[in-house]
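Laboratory data are not the source of any read-out in this text; all were calculated from the coordinates shown. Remember, predicted model here, so these are calculated numbers, not experimental data. Virtual Cβ from ideal backbone geometry, glycine too; neighbours counted across all protein chains shown.
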Amino acid sequence: MSEEQKNMEAERSLSLEAQFEARIARDEKIEPKDWMPEKYRKTHIRQMSQHAHSEIVGMLPEGNWITRAPSLRRKVALLAKVQDEAGHGLYLYSACETLGITRDELYEQLHTGKAKYSSIFNYPTVTWADMGAIGWLVDGAAIINQVPLCNTSYGPYARAMIRVCKEESFHQRQGFEIMIKLAGGSPEQKEMAQDALNRWWWPSLMMLGPTDAESVHTEQSMKWKLKRKSNDDLRQQFIDQTVPQAELIGLTIPDADLKWNEERGSYDFGDINWDEFWQVVKGHGPCNKERMNARVGAWEGGEWVRDAAMAYAEKKESRKNKKVV
Amino acid sequence: MNTNLYKYILGIADNSLILGQRMGALTGHGPSLETDIACTNISLDLFGQVRSYYQYAAKIKGDNTTEDDIAFLRKEREYLNVLLVEQPDTHFGFTIARQFLFDTYHFLFLEELEKSHDITLSAIAKKSIKEVSYHRRFSSDWVKRLGDGTAVSHEKIQEAINVLWTYTDELFHQTEADKVMVKENIGVDVTTLKDQYYTNVETILNEATLEVPESKWFQKGGKEGIHTEHLGYLLSDLQYMQRTYPNMEW
Amino acid sequence: MTKKNWPLWEVFVRSKNGLEHRHFGSLHAADEEMALENARDVYTRRSEGVSIWVVESKNITASNPENNGELFEPAQDKVYRHPTFYDLPDEVKHM
């Protein structure tokens, strides 16, 4: 047997699953109708739907300020941003649906608490500055998470993420611009900005996920390119890029232990209150109930509207068919 | 300052402001993601129009007036929108009916405003009419879906049309500023739009298997700054930041 | 009566005249008019298109990846379909 034949033999003997993993390792994309291990399918449904749910629930804390935005320019920017989140949720639900689950089923999982969404959206937006802090910090942290996903192994997810990342490029700027304006404004405005930073800083760090030691899915996710860097690495990256931005606009990161570490070339930072994180994840954050009530309310309240559209479409179709006959 | 022109512009722009504010408030709460996105688009179109009108009005007023001064710092009696656009979103049927009853008017109005001898107003109308043409299609389609959908939806949209009908006649009332502007070939004579309006509305309502309300009792006052009780609450949200933190930039 | 949800549609957008329609994504809509309107609102918010096609997803017939061997591999050795297969003297610069 030649060397080449031997290799082919070996390839044939690989199980379907090993071939699948080999394709991913070679940076090939997996497409909806391709064979895939059940675990791959389930993990992707879980992650993509969680991501979609986060976009949709994430509309609520910012939507809270649409009617009260302080200027017309800010109002249209905020409206467009929250609308983008609806769009991103839609792209991600669609990507998820390629794996054989419907959007209605995904909603059902969200509404019954079976599916999770990013816990940061369970914090209240109490002042206008929170619109700045969310755009700057929350979107900033999200981008760090999302950019590597543009290259993830599942084709529909990667394509959705490319669109999401392209559209989101204005979101963080929108938030940071609000912060700049506040930080450079009256003492009252600056205080509002600092207060928002104080409240959103730690939840933003938590948003990047539990520490590597506690994270359950990491290894498998790395292999499937659902994740390219560990939570702790992402967190460090976020801190290192955000601290100078805060300094630039004269705001103080609310962490007494924050210190530049020359040797590591990174910032050392204080302990994160993981008890708080788990409390919110488990449904006991300040706004978990409000957020779910709003989502369920919109869905149930809209049922008669969706039904009407469906009934109308059917009537129209049958009228058309009658004409043809 | 040309007070009549200034007031005339506000009379147009305030409709878009208040309706945009109502529509924008629904973002995140729509019956489906797709519908949610569509409603936000309408809101964004309206706010875009508002900014063009107010920027023009601010120039006319002078004294470093800004679009935001006009949008946020008037008193309730100084807002000149029609009563129709400030009515609340009791349910999605009201959102659609309000939009439909306004869009039908808005389109006819802009067609005429495009002929205005005021080049700024004419330009704004020219740009807006494309947006409003789409709004009209969107809201008319939804009136038909709800009217000719299920028994439940039929009842709900009929209810909304019946309740809001009383605010339609005001669309065709002429204010003093209107009359002056019509004479100067700047403004639209809204009285001439009335027949076409009711014809267009009835066509869609018929297609939607809905009844045209027979009531001839109409409410008015918005154009003179006398509003329904709903507007005050809308304004307290709208103006909250500017009132709480006066003279600041955002 | 079983619950009927808005079906799924695939959206194709032509970015500008001269280019082909490209698959942009999908969405839900009750009928074709709504599908077009939704596609306009969802996928052309940033002036991405000048023309939209929508087709209900169930109407698309797709090849099965399991047949990829017989469908696509036979074309791989037909190198004579490509210009590089043919030898030309160096003097002929453009052909």
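Counting neighbouring Cβ atoms within 10 Å and putting the fewest first, the residues A:R26, B:R51 line up as A:R26, B:R51.
At most 14 other Cβ atoms within 10 Å plus a DSSP loop assignment makes a site exposed; report the longest stretch of chain A without any exposed GluC sites (Glu not before Pro).
The answer is A:29-213.
Under the combined filter of DSSP loop state and at most 10 neighbouring Cβ atoms within 10 Å, the stretch A:189-280 retains these trypsin sites (Lys or Arg not before Pro): A:R264. Considering only B:I37, B:Y56, B:F72, the residue lying farthest towards the positive end of the dipole of the stretch B:33-85 is B:Y56, judged by Cα position with unit charges set on Cβ.
At q = 0.20 Å⁻¹, what is the log10 ratio I(q)/I(0) for chain C, with the Debye formula run over Cα points and no solvent? Results for chain C at q = 0.20 Å⁻¹ read -0.95. Our summary gives chain A a relative contact order of 17 percent, counting only alpha carbon pairs under 8 angstrom and 6 or more residues apart. For the stretch B:3-244, report the translational diffusion coefficient in µm²/s to the nearest whole number, using Stokes-Einstein at 25 °C, 0.890 mPa s, and a Kirkwood Rh over Cα pairs. Taking Rh from Cα pairs, D becomes 135 µm²/s. With the convex hull constructed from alpha-carbon coordinates only, chain A shows a mean projected area of 24.4 nm² over all directions.
When the trypsin sites (Lys or Arg not before Pro) in chain C are filtered for DSSP coil states and for at most 15 other beta-carbon atoms within 10 Å of their beta-carbon, the remaining sites are C:K3, C:K4, C:K16, C:R46, C:K78, C:K93. Mean separation of Cα pairs under 8 Å and 6 or more residues apart, divided by the residue count, gives chain C a relative contact order of 26 percent.
Pairs exceeding a 23 Å alpha-carbon distance, out of A:K289/B:K156; A:K227/A:K259; A:K29/A:K81; A:K166/A:K225; C:K58/C:K78: A:K289/B:K156; A:K227/A:K259; A:K29/A:K81; C:K58/C:K78.
In the protein assembly as shown, the ratio of gyration radius to Kirkwood radius, Rg to Rh, stands at 1.02 when only Cα atoms are counted. With unit charges on the beta carbon (Lys/Arg positive, Asp/Glu negative), name the residue among A:L251, A:I101, A:G301 whose Cα is farthest towards the positive pole of the charge dipole of the protein assembly as shown. Value: A:G301.
Using Cα-only point scatterers and the Debye equation, what is log10 of I(q)/I(0) for the stretch B:71-214 at each q in 0.17 Å⁻¹, rounded to two decimals? After summing over all Cα pairs, the log10 values are -0.99.
Helix screen, chain B: DSSP H segments with Cα axial length of 24 Å or more and mean Kyte-Doolittle hydropathy at least 0.0 are B:3-24, B:92-113.
Global dimensions of the stretch A:205-325 from alpha-carbon coordinates: Rg and Dmax equal 24.8, 81 Å. The separation of the stretch C:1-79 from the stretch B:12-26, counted between C-alpha centres, amounts to 34 Å. About the centre of its Cα atoms, chain A shows a dipole size close to 1720 debye [charges on the beta carbon of Lys, Arg (+1) and Asp, Glu (-1) only; nearest 20 debye]. In the stretch A:40-97 the Cα-Cα distances spread across 5 Å bins starting at 0 as 4, 21, 23, 17, 13, 9, 7, 4, 2, 0 percent of all pairs.
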